[in-house]
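Heads up, the thing below is written out as structure tokens.
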Amino acid sequence: SMNSILDAYADAITRDFKGHPVTLIGHSTGAFMALGLAARHPALVNGLVIMGALSCGGLDGCQPFAMRLLRLRGFGQWGFERLLSLWISTPARFIEGARTCVAQAGAPREPRDVEAIERVRQSLLKSDPAEIAALVRLLSQASLSDALPEITCPALNIVGGMDRVIRPRHQFGIQAALPAVTTLLLPTAGHLPMVEKPGAVAVAVHAFMRQHGLLHKRGMAGTRAPAGSQEQLHPAYAKPRDVAAPGSGEFAMTAG
């Protein structure tokens, strides 16, 4: 069950951080888990950074193909496992299949990005496709919508304006529900903003953590934002909540 998964995460955090609250950074399904932890175990979470986030497996009727495939009885499970195995079989196939995650479909250029993608593929190769299918099926039926208003810790919501995996409108719905959230809109990024716009993401995360006094945790006090960057986010508690666009100065738009 989703609660058993969240409780397992909570046990690990309690063990590794001696019960001290932590700032969670989660991407996509990791963002779902981070939100779930903040709702179910609020004493363990003092801040959230979410990217490409989903809060409901229904995704406003825009479910990814994998979730829709698993809804098919019999064939769905077999088809999912076969397609997953084929996708991760070679580095080239894995990169080609992941192109929908980015706004610009070119191959990754930075060596660290290529290495990171290959580490993901290797992890998937060690996993059981049936267990991955079970998690995807569970996520497709899970929802945190009712719990979002109860998450009171500060949150930074980073949204790629060209995200084709988790639609921006769904991510703006998370912004509307969280009580203490600042949303950063990266208009030309897709589902992997930390890879596509690493500089903007680094500045935003640093500014958010500095604003809320989180940088001193675990040796981060000495970190600095890139020279010349503007460490400024729109107030998290303002109504309507703002969506900031890098390089736009004081420009802000209300997410609808």
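The values are calculated or read from the model by the stated rules, or taken from the named source; none is laboratory data. All values reported here derive from a predicted model rather than from experimental measurement. Note that we place each Cβ from the backbone using ideal geometry, even for glycine, and neighbour counts take in every protein chain shown. Quick note on the areas: whole protein, heavy atoms, side chains included, nothing else; ligands and nucleic acids left out. Shrake-Rupley method; radii C 1.70, N 1.55, O 1.52, S 1.80 Å.
Just a few scattered comments:
- Matching option when the condition is buried (at least 21 other Cβ atoms within 10 Å of the Cβ), closer than 30 Å to T100 by Cα and at pLDDT 90 or above, among A207, A176, A189: A189
- Extreme residue, nearest to G30 (Cα to Cα), among residues of the stretch 131-140 that are among the small types (G, A, S) and open to solvent by less than 40 Å² (accessible area, probe 1.4 Å): S140
- Of all residues in the stretch 61-86, none that is in a helix (DSSP H, G or I) has its Cβ atom under 8 Å from the Cβ atom of a residue that is modelled with pLDDT under 75 and loosely packed, with under 11 Cβ neighbours inside 10 Å, 6 or more apart or on another chain.
- The condition (being open to solvent by 20 Å² or more (accessible area, probe 1.4 Å), at pLDDT below 95, closer than 27 Å to L69 by Cβ and touching a strand residue (DSSP E or B) at 6+ places or on another chain (Cβ under 8 Å)) is satisfied by just one residue among S143, S123: S143.
- Check on A53, part of a loop (DSSP other than H, G, I, E, B), closer than 29 Å to K197 by Cβ and aliphatic (A, V, I, L, M): yes
- Annotation note: Cβ proximity below 7 Å between a residue of the stretch 183-198 that is under 21 Å from R112 (Cα atoms) and a residue that is part of a strand (DSSP E or B) and open to solvent by less than 10 Å² (accessible area, probe 1.4 Å) (sequence gap 6+ or interchain) occurs for A189/G160; G190/G160; H191/G160; P193/I158; P193/G160; P193/L186; K197/L186.
- Residue match in the stretch 197-204 (condition: buried (at least 20 other Cβ atoms within 10 Å of the Cβ), of a type outside the set (D, E, K, R), more than 14 Å from the chain's Cα centre (by Cα) and in a strand (DSSP E or B)): no
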